[in-house]
Amino acid sequence: MNDVINIPNVITIGESAFKSSKLTNVILPCVTILNAIFQQNYSLKSVRVPLVQEIKSACFMSCDSLTDI
């Protein structure tokens, strides 16, 4: 399954919001990314955040498939 999430009007995404999910591609607007948001998401390949404001700790920990940010 090729899961994609596109959230155009979000400002902040909560801590561990997508932890251990099976998302493969994520497109976010200008946001603050809190702790561990994608942690242990082994399927995640791509994250697009054109105007990221801040990335907190462990956001991409154990995202072994991630190749494009």
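The values are calculated or read from the model by the stated rules, or taken from the named source; none is laboratory data. In this text the structure is predicted, and so the values were computed from the model without any measurement. Heads up, the Cβs are rebuilt from the backbone with ideal geometry, glycines too, and the neighbour counts pull from every protein chain shown. SASA here: full protein model, heavy atoms, side chains in, ligands and nucleic acids out. Shrake-Rupley method; radii C 1.70, N 1.55, O 1.52, S 1.80 Å.
Where the only charges are on Cβ atoms (+1 Lys, Arg; -1 Asp, Glu), what is the dipole of the chain about its Cα centre, to the nearest 20 debye? If you can, show how the numbers build up before the last one.
Details: 5 positive and 5 negative charges, 12 e Å.
The dipole of the chain has a size of about 60 debye.
On average, how much accessible surface per residue is there in the chain, in Å², for a 1.4 Å probe, leaving out ligands, DNA and RNA? Before the final figure, lay out each step's value.
Numbers: 4100 Å² over 69 residues.
I get 59 Å² per residue for this part.
What are the ³J(HN,Hα) couplings of region 22-27, residue after residue, when phi is run through the Karplus curve with 6.51, -1.76, 1.60 and θ = phi - 60°? Round to Hz, x for glycine and proline.
Going residue by residue, I get 10, 5, 10, 9, 10, 10 Hz, with x marking Gly and Pro.
How much of the accessible area of the chain, probe 1.4 Å, is carbon plus sulfur, in whole percent? Provide the component values of the computation, followed by the final result.
Numbers: 2140 of 4100 Å².
It is 52 percent, rounded to a whole number.
On full extension of the chain, what length is gained from S65 through S46, given 0.36 nm per residue of separation minus the C-alpha to C-alpha distance?
Details: separation 19, 0.36 × 19 = 6.84 nm, distance 0.86 nm.
Gain in length upon complete extension: 6.0 nm.
I'd like to know how the chain sits against the 2.2 N^0.38 Å rule of thumb: what's its Cα Rg over that expected value? Mind showing how you got there, number by number?
On the way: Rg = 10.6 Å, N = 69, 2.2 N^0.38 = 11.0 Å.
So the chain has a normalised radius of gyration of 0.97.
Separation between the I55 and N6 pseudo-spin-labels, each 7 Å from Cα along Cα→Cβ, expressed in nm?
2.2
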